[in-house]
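Visitor: I'd like to ask some things about the structure below.
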Amino acid sequence: MKRYIVFLKQVPLSTKVDLDPVTKTLKRSSALSQTNPDDLYALQMALDLKRQSGAEVIAVSMGPASAETVLREALQRGADRAILLSSPAFAGSDTWCTSLVLASAVRKIGAYDLLFFGKMAIDGDTAQVGPEVAGQLDIPQITCLAAIEQLTTHGIVVSRKSGTCLQRMEIELPCAVMVSRENGELDCITLSGWRRAQRQEILRWDEKDLSINASSVGLYASPTRVVSTAVPVRKKEINWCADAAAFAEAIK
C-alpha cells in the first residue's frame, strides 16, 4: 500500500504571544492555537491524491499534549492515523533539531511514498523544516510547487515555479513536497468525519520511542541562538510646511 505522511504544526492563533525572558522562545500556552494554515493545504493535497492512489495518510505533529487538537482536525478531514511526537526533551528545538525528530519518526513509521509539509509556519516563517527533513532522509524535495499533475508507476509529475517560468519534471519516489495555500482549496469537515475522529486513537512517541538521545534535541542542542528580542518603537512627528521652500528645507 502507498503511504503519505503529512506534518502539521500547532501555532498561535494571535500575534499577541508572550516570550520567555530566559529562553527567548514563544510561551505557546499564553495564546489560543490553530493548525498552521499551509499545513492544512498539505493535508488536503495528500487526501486528494489518496482518492487516486488509495494510499494511507498518516498525520504527524511535534509539540506539547495540546497539539493533539491539530491531529484531531487532521483525522476529521480524512487522515487515517495520527501520531503525536511529544516530550519535554523536544521543547525549544530549532528547525535543525525539529527536522531530526521528524526524520526519526519517518524512519520508525517505515515505508512511505510522499512526505507533505506546509511551505512555512506562521510563527517562524523560516520555510526550513521540510527541506531539512528531506536532507536528513536523503530524498528529493519539491519547493515552489505549482501543481502535482500526475502519479506515475515510480514517481510523480509536477510543475513548479521558477521565477516567471514553470518547470515541469518527473520525480522518483519517495520525495518530500512543500505545499502552500496557493495549491488548492480546503474541503469542509463533515459530521461523519468528526465522529470518526473522536473514536480514533492518537499514538504518542517520545525520544525513547524514536531512539533519539535526549541531549541531541531541544533548546540547548539547537545551533540557533536568540540573543535578544525587542518590539521596535515607532515615532511619528507631524510638521506643517507653509510653502515649497519650507518643504524643501524639511526633507534635506
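Visitor: Mind checking the per residue accessible area of the chain for me, 1.4 Å probe, whole number of Å²?
Guide: On a per-residue basis, 57 Å².
Visitor: Run the numbers on region 115-252 and let me know its relative contact order in percent, using alpha-carbon pairs under 8 Å that are six or more apart.
Guide: The value is 19 percent.
Visitor: Quick one: pull the percent of accessible area on the chain belonging to carbon and sulfur, 1.4 Å probe, ligands and nucleic acids left out.
Guide: After summing per-atom areas, the C and S share lands at 53 percent.
Visitor: Next question. Work from the charge dipole of region 36-97 (Cβ charges, +1 for Lys and Arg, -1 for Asp and Glu, about the Cα centre) and give the residue of A89, G78, M62 farthest towards its positive end.
Guide: In region 36-97, that residue is G78.
Visitor: What distance in nm separates the two pseudo spin-label positions at E149 and L191, each 7 Å out from Cα along the beta-carbon direction?
Guide: 4.2 nm
Visitor: Rg/Rh for region 132-197 to two decimals, with Rh computed the Kirkwood way over all alpha-carbon pairs.
Guide: Result: Rg/Rh = 1.09.
Visitor: Summing +1 for each Lys or Arg and -1 for each Asp or Glu, what net charge is found among the other residues whose Cβ lies under 11 Å from the Cβ of I139?
Guide: Local net charge: -3.
Visitor: List the residues whose amide H sits under 5 Å from the amide H of Q34, counting only those 5 or more places along or on another chain, with H placed 1.01 Å from N in the peptide plane.
Guide: Long-range HN contacts for Q34: V11, L13.
Visitor: Additional query: At R51 and V233, where each label point lies 7 Å from the Cα along Cα→Cβ, what is the point-to-point distance in nanometres?
Guide: 5.6 nm
Visitor: Going by average Cβ density within 10 Å per residue, which order do the peptides 111-123, 216-228, 50-62 take, highest to lowest?
Guide: The densest-packed peptide leads the list: 111-123, 50-62, 216-228.
Visitor: Report the relative contact order of the chain, percent, no decimals, based on alpha-carbon pairs under 8 angstrom and at least 6 residues apart.
Guide: Result for the chain is 24 percent.
The values are calculated or read from the model by the stated rules, or taken from the named source; none is laboratory data. In this text the structure is predicted, and so the values were computed from the model without any measurement. Every residue, glycine among them, receives a Cβ derived from its backbone with ideal geometry; neighbour counts consider all protein chains shown. Note: areas computed on protein heavy atoms with side chains; ligands, DNA, RNA excluded. Shrake-Rupley method; radii C 1.70, N 1.55, O 1.52, S 1.80 Å.
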